[in-house]
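Notes follow once the structure below has been shown.
The values are calculated or read from the model by the stated rules, or taken from the named source; none is laboratory data. Please read these numbers as outputs of a predicted model, since none were measured by experiment. Because the Cβ atoms are built from the backbone with ideal geometry, glycine has one as well, and the counts that use them run over all protein chains shown. When the accessible area is computed, the model is the full protein with side chains, heavy atoms only, and any ligands, DNA or RNA have been set aside. Shrake-Rupley method; radii C 1.70, N 1.55, O 1.52, S 1.80 Å.
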Amino acid sequence: GTADTTYTLTQSISNESTCFHVKANNVTLDCSGHTVDYANATASGGYGVNITGVNSTTVKNCVFTQQNRSVQFATGVFVLNGNSSIIINNTVNSTANYSYGIVLMRSNFTNITANRINTTGNFSYAIGLALSGSNNVTQNNITTRSGNNAYGINITSSGLNNIRGNSISTSGTSINYG
């Protein structure tokens with residue numbers, strides 16, 4: 001992608017692995033309510049959008065779906081070493097073991113706001129913060145179900161995050177955490 005650019009979807013898309021790779025600063029992906037069907041093959045992993053090493057990315061108005069229960073280690077929105085992003089007004093539906101809604105790793109100053117995240121599967125979580133700080137996680141509607149060791153929000157070695165006003169519902173067969 002090109003820096004300082006807005007990309008707007010005009011139709012839904014699907015990919016066996018990753019649908020979008022953001023490779024420039026200050027990029028906006030506006031799905032305009034269209035579906036991004038990611039990681040739908042039998043191979044392991046994939047992302048709806050992969051944001052690695054770039055800053056000031058906005059992802060909005062997307063419906064991310066990962067429906068193939070045999071694909072593990074898939075994530076709707078994945079941010080690695082990216083700061084000052086906005087992830088707003090998206091829906092993420094993830095339905096496999098070790099699948100995740102929105103993940104920040106070594107990423108700071110990001111706003112995750114007004115998203116609907118639904119995960120189903122063992123060892124899955126809706127939002128994950130790892131080695132990330134000074135982020136805002138607010139007004140999200142989170143549901144995890146049908147698995148064990150499922151998390152609404154999973155925080156690992158992260159600090160100074162503002163987490164408030166979220167609705168979190170967890171259920172499953174064993175240990176589940178809000």
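Restricting attention to segment 48-67, which residues are open to solvent by less than 30 Å² (accessible area, probe 1.4 Å), closer than 21 Å to residue 140 by Cβ and outside any strand (DSSP E or B)? Lay out the reasoning, then the answer.
Of segment 48-67, the ones open to solvent by less than 30 Å² (accessible area, probe 1.4 Å) are 48-51, 54, 57-59, 62, 64-66.
Filter again for closer than 21 Å to residue 140 by Cβ, leaving 48-51, 57-59, 62, 64-66.
The answer is 57, 62.
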Some residue of segment 32-40 being hydrophobic (A, V, I, L, M, F, W, C), open to solvent by less than 40 Å² (accessible area, probe 1.4 Å) and farther than 15 Å from residue 126 by Cβ: yes
For segment 51-71, what are the residues that are out of contact with any Cys (no Cβ under 9 Å at 6 or more places or on another chain), closer than 17 Å to residue 14 by Cα and of a type in the set (S, T, N, Q)? 65, 66, 67, 68, 70
